[in-house]
Amino acid sequence: MSELNIVCRLYQKLLKTYGKQGWWPVIRGSSIQYHPGDYSIPNSEEERFQIAIGAILTQNTNWKNAEKALLNLYTARLLAPEKLAKASEYEIAALIRPSGYYNQKTRKIKEFVMHYGCLDEKEKIDSLREFLLSIRGLGPETADSIILYAFKKPIFVIDAYTRRFCAAHNLKTSGDYDDYREFFEKSLRKDHRIFNEYHALIVRWGKESKSTNHNFS
């Protein structure tokens, strides 16, 4: 069986096992809400910005910690570009402390909101990615998460879970970030909904399997 067919088959097995994930969650009311099967989200500028900030907050930590920090910003009425731009670094750092590396992330958030107004959803993926990567503090994983989940454009996100998933299923196990990304993008129909769900399912698999070699072969 070709790797292309294997990648598609694994997607179907993940979907059957775990179901649709409703990722990336957004704040509605006063809580984080998931939206399984609804790929129209984000459907407002506010939700798009939430996802972008969440992608920064989840760097080097788990989502639960990032979620606490995001809700802190929301409760403090600071979860908007203009408000974060005006807030002091001390104030932001105190609110995002649960996410860890809070001083570094505060500087990254400050840098990001300075450029946020220049982001254009009509831009092509390559241009949008180049611009995001030019912002200090945004690496490929964070930039691609913003492109996929906030801007709903088909780019595949690669993280530690994805690399472990590939190793566990005898898929591509070497190369740099973009080698892995291109491998998945060439193996799947170029659809942000598929890329969204597949990556979210791999993360779910990674959390469920933890340190085991659990696979679907």
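Read-outs throughout are calculated quantities, based only on the coordinates presented, and are distinct from any laboratory measurement. Since the model is a prediction, treat every value here as computed from it, not as a measurement. No Cβ is skipped: glycine too gets one built from the backbone with ideal geometry, and neighbour counts run over all protein chains shown.
Couple of notes before you dig in:
- Under-5 Å amide H pairs with V26, H placed in peptide plane, nonlocal only: Q33
- In terms of overall dimensions, the C-alpha atoms belonging to segment 93-149 reach 36, 20, 17 Å along their principal axes, ordered largest to smallest.
- Point-to-point label distance, M114-S44, nm (Cα→Cβ direction, 7 Å offset): 2.9
- Each residue of segment 147-158 was assigned a 3J(HN,Hα) from its phi angle through the Karplus curve 6.51 cos²θ - 1.76 cosθ + 1.60 (θ = phi - 60°); the sequence is 5, 6, 8, 8, 9, 6, 10, x, 9, 8, 8, 10 Hz, with glycine and proline shown as x.
- Placing a pseudo-label 7 Å from each Cα along the Cα-to-Cβ vector at E208 and K190 gives an inter-label distance of 3.1 nm.
- Shape descriptor for segment 40-150: Rg over Rh equals 0.93 (Cα atoms; Rh from the Kirkwood inverse mean 1/r).
- On the principal axes of its alpha-carbon atoms, the chain has extents of 56, 33, 30 Å, going from largest to smallest.
- Karplus-derived HN-Hα couplings along segment 99-110 (A = 6.51, B = -1.76, C = 1.60, θ = phi - 60°), whole Hz, x at Gly and Pro: 7, x, 6, 5, 5, 5, 5, 4, 5, 5, 5, 4
- GNM remark for the chain: springs join alpha carbons under 10 Å apart, and the peak mean-square fluctuation among K86, K153, K105 falls on K86.
- Pairs from the list K16/K124; K13/K68; K122/K152 with a Cα-Cα gap above 22 Å: K16/K124; K13/K68.
- Taking all Cα-Cα distances within segment 1-55, those exceeding 12 Å account for 71%.
- For the chain, the relative contact order comes to 22 percent (Cα pairs under 8 Å, sequence separation of at least 6).
- Whole-Å distance, taken between Cα centres, linking segment 55-84 and segment 109-180: 19
- Going by neighbour counts of Cβ atoms within 10 Å, the residues V157, V113 line up, fewest first, as V113, V157.
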